[in-house]
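Working notes, beginning with the structure itself.
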Amino acid sequence: MLMADKVLRWERAWFPPAIMGVVSLVFLTIYYLDPSVLSGVSCFVMFLCLADYLVPILAPRIFGSNKWTTEQQQRFHEICSNLVKTRRRAVGWWKRLFTLKEEKPKMYFMTMIVSLAAVAWVGQQVHNLLLTYLIVTFLLLLPGLNQHGIILKYIGMAKREINKLLKQKEKKNE
């Protein structure tokens, strides 16, 4: 778990290209083999079973059986607390959605219809495998983007541009 965290947070400069390469290789293989859904799910579950069997055997040989340090324990607790925070945020958004449904059913209905129609349109325009590839790649790069402040940088740029547009609109209205 600690090694996966290091990779996802880009502790080395070559981790982002490695993530992209592995994800691209997996999706190119899926594209080339073009398995049916049942075959794909079966292969995925077989891979999970194989990993479940081999990881406990190979991990001590690959990573070494060094002793667990206080620093590693602290990092492990940080990872776990971040996972719990992420789960709480997701549950909070889910609860807000149902609160909106109860308090403002028309707003909920319109929001859901518009957003689901937009998702359906994107799904119709873009191939499923490409869309899945883009989503998986984004989700795997997200911790590193967040860790290195790239997301905050672009959000800040977007906010400044929106504020400029709003100020221009106010000037035109005056």
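The values are calculated or read from the model by the stated rules, or taken from the named source; none is laboratory data. Please read all numbers here as calculations on a predicted model, not as lab measurements. Reconstructed Cβ throughout: ideal geometry from the backbone, glycine too, with neighbour counts over all protein chains shown. To get the accessible areas, we keep the full protein, side chains included, count just its heavy atoms, and leave off ligands, DNA and RNA. Shrake-Rupley method; radii C 1.70, N 1.55, O 1.52, S 1.80 Å.
So what are the ³J(HN,Hα) numbers for segment 149-162, from phi and the Karplus equation (6.51, -1.76, 1.60; θ = phi - 60°), rounded to whole Hz, Gly and Pro as x?
For segment 149-162, the Karplus curve yields x, 5, 5, 4, 4, 6, 5, x, 5, 5, 4, 4, 5, 5 Hz.
In sequence order, what are the phi-derived ³J(HN,Hα) couplings for segment 126-138 according to the Karplus relation 6.51 cos²θ - 1.76 cosθ + 1.60 with θ = phi - 60°, rounded to whole Hz, with x for glycine and proline?
So the Karplus estimates, Gly and Pro as x, are 10, 4, 4, 5, 5, 4, 5, 4, 5, 5, 4, 4, 4 Hz.
Take the Cα atoms of the chain, find their three principal axes, and give me the spread along each one in whole Å, biggest first.
Ordered largest first, the chain gives principal extents of 71, 45, 35 Å.
Could you report the chain's accessible area per residue, 1.4 Å probe, as an integer in Å²?
Result: 87 Å² of accessible area for each residue.
Counting just the Cα atoms, what span does segment 74-125 cover along each of its three principal axes? Round to the nearest Å and put the largest first.
46, 34, 7
Per 0.36 nm of contour for each residue apart, how much would the distance between S24 and V136 grow if the chain were fully extended, relative to their Cα-Cα spacing?
Working it through step by step, the gained length comes to 39.3 nm.
Over the chain, calculate the relative contact order: mean separation of alpha carbon pairs under 8 Å at least 6 apart, over the residue count, as a percent.
44
Specify whether the C-alpha gyration tensor of segment 127-173 places it in the rounded, prolate or oblate class, a ≥ b ≥ c being the square roots of the eigenvalues: rounded for a/c under 1.5, otherwise prolate if a/b is larger than b/c and oblate if not.
Oblate.
Listed here are the pairs K6/K159; K6/K104; K101/K171; K95/K172; K104/K159; which of them are more than 32 Å apart at the Cα?
As for pairs spanning more than 32 Å Cα to Cα, those are K6/K104; K101/K171; K95/K172.
How about segment 25-110: which trypsin sites (Lys or Arg not before Pro) there are in a DSSP loop, with at most 10 other Cβ atoms within 10 Å of their Cβ?
Loop-located and lightly packed - K67.
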